[in-house]
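Only one structure is covered here, and it is reproduced in the block below.
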Amino acid sequence: QSLYLKDLFDFFEMRPTITTASGSRPVPAVIREGFVFEDVGFKYPDSERWAVRHISFALHPGERIALVGENGAGKTTLTKLLPRLYDPTEGRILLDGVDTRDYDLGQLRRAVGVIFQDFVRYDMRFDENIGVGEINAVEQALEGMDQPVPALIENAAEQSLAASLLPRFKEGYRQMLGRRFENGVDLSGGEWQKVALARAYLRAAQVLILDEPTAALDARAEYEVFLRFSELVAGRMAVLISHRFSTVRMADRILVLRNGKLEEEGTHEELLANAGLYNELFTMHAAGYK
C-alpha cells in the first residue's frame, strides 16, 4: 500500500484555487433579487474548448428553472458556476447585484444545496450518509451511538423517500451501508439516489440544484419524489437538470442549451410553439411512448 503514499501526500499538499477574498461580504440572509449571469463563459482547466459561452439569464427568488439540452451542452457546468465550484473564465455572476466573488465563499456554498448526477456513495451508516449534507448541524448527534437520531435527518429521509429503506435495515438509521465493512447492506442505484436526495433536503438552502435527480428511479418513485420536491422548493430558487420532460414541465421557465450556448428560453408551451430544439427533443421523447 506504500505505492499510494505519494498520492496521499500530494492530496494533503493541495490548496484550493477558489477562496474567500479579503474584505468579503456576508451572503444575504434572504436573497431579494436572485442570481444574474452576465455574458458568462467558462473553459475547464487545460481545455481549449469553451464549455459554455455568452450565457446571460436571471434566476429570481422563488423561481424554478430547468436546463435542457443534449449531453455536453453545458448544463452541469452552469450549476457548478453558481456556488463557485468554478469561477467564470469571462463575464460575471451577480447575487443581489454583487459579484459572487465578493461574497464569503463558505456562506455562498451553504446557501446552495446541490445533488449532482455523480453523487458519492459513502460506506458509512445510513444516518451519516444523510448527515454529510449538513454535517455541522448534526455532527455531534452522530458521534455517539446512544444519541437519538436527529429530527433533521429523519425529516430529510421522509421527504426524499429514503425512509422507505428502513424496513430492510436491522440497525435502523445506524445501519452500515455498502460492502466495505462487516454487516453492510448494499443498495441499488435508485436506493442510493434516494439517500443522496435526502442530503439536499437536509440543507436549509435558499437555492436547490438537482442534476438528473431521478435518473435511477422507477416511474412510481419518480412521481412521488417530485410531488414532495415541488413542496420543498416552494418559495425557494431551484435549478433542475433532467432529460425527462415530465420533470422539466414543473419549472416556471426552461433554458435550452446547445453546444454551450443558450439557444431558447421560455415556458414549455412557448418553446413547443417555437418549433426549435426544445420542440425537436420533446417530440423525439414523446415518440418513445406511442
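The values are calculated or read from the model by the stated rules, or taken from the named source; none is laboratory data. Just so it is clear, the model here is predicted, and its values are computed rather than measured. Here the Cβ positions follow ideal geometry from the backbone for every residue, glycine too, while neighbour counts run over all protein chains shown. All accessible areas refer to the heavy atoms of the entire protein, side chains included, with ligands and DNA or RNA removed. Shrake-Rupley method; radii C 1.70, N 1.55, O 1.52, S 1.80 Å.
Cβ-Cβ distances below 7 Å connect the following pairs, each with a first residue in the stretch 158-173 that is touching a residue at least 40 places away in the same chain (Cβ under 8 Å), a second residue that is charged (D, E, K, R) and open to solvent by 20 Å² or more (accessible area, probe 1.4 Å), and a separation of six or more residues or different chains: GLN159/ARG228; SER160/LYS194; LEU161/LYS194; LEU161/GLU224.
Please work out if LEU152 is over 13 Å from LYS194 (Cα atoms) and open to solvent by 70 Å² or more (accessible area, probe 1.4 Å).
Numbers: over 13 Å from LYS194 (Cα atoms): yes; open to solvent by 70 Å² or more (accessible area, probe 1.4 Å): yes.
Judged against the criteria, LEU152 is a match.
Cβ-Cβ distances below 7 Å connect the following pairs, each with a first residue in the stretch 71-83 that is over 13 Å from ASN259 (Cα atoms) and hydrophobic (A, V, I, L, M, F, W, C), a second residue that is in a loop (DSSP other than H, G, I, E, B) and at pLDDT 95 or above, and a separation of six or more residues or different chains: LEU81/PRO88. Out of the residues in the stretch 25-40 that are among the β-branched types (Val, Ile, Thr) and crowded, with 16+ Cβ neighbours inside 10 Å, which is nearest to GLU70 (Cα to Cα)? Filtering first and then ranking leaves VAL40. With respect to the numbered conditions (1) modelled with pLDDT of 80 or more; (2) closer than 17 Å to ALA151 by Cα, which one is the sole condition not fulfilled by LYS194? All conditions pass for LYS194, except number (2).
Inspect the stretch 100-115 for any residue being in contact with an Asp or Glu (Cβ under 8 Å, 6 or more places away or on another chain) and open to solvent by 50 Å² or more (accessible area, probe 1.4 Å) and give the result as yes or no.
Yes, the stretch 100-115 contains at least one residue that is in contact with an Asp or Glu (Cβ under 8 Å, 6 or more places away or on another chain) and open to solvent by 50 Å² or more (accessible area, probe 1.4 Å).
In the stretch 156-171, the qualifying residues are those that are open to solvent by less than 70 Å² (accessible area, probe 1.4 Å) and not in a helix (DSSP H, G or I), and the one that is farthest from LEU232 (Cα to Cα) is PHE169. Do you know which residues across the stretch 41-58 are within 14 Å of GLU265 (Cβ to Cβ) and either touching a residue at least 60 places away in the same chain (Cβ under 8 Å) or surrounded by 18 or more Cβ atoms within 10 Å (Cβ to Cβ) (or both)? Once the filter is applied, which keeps residues that are within 14 Å of GLU265 (Cβ to Cβ) and either touching a residue at least 60 places away in the same chain (Cβ under 8 Å) or surrounded by 18 or more Cβ atoms within 10 Å (Cβ to Cβ) (or both), the stretch 41-58 yields HIS54, ILE55, SER56, PHE57.
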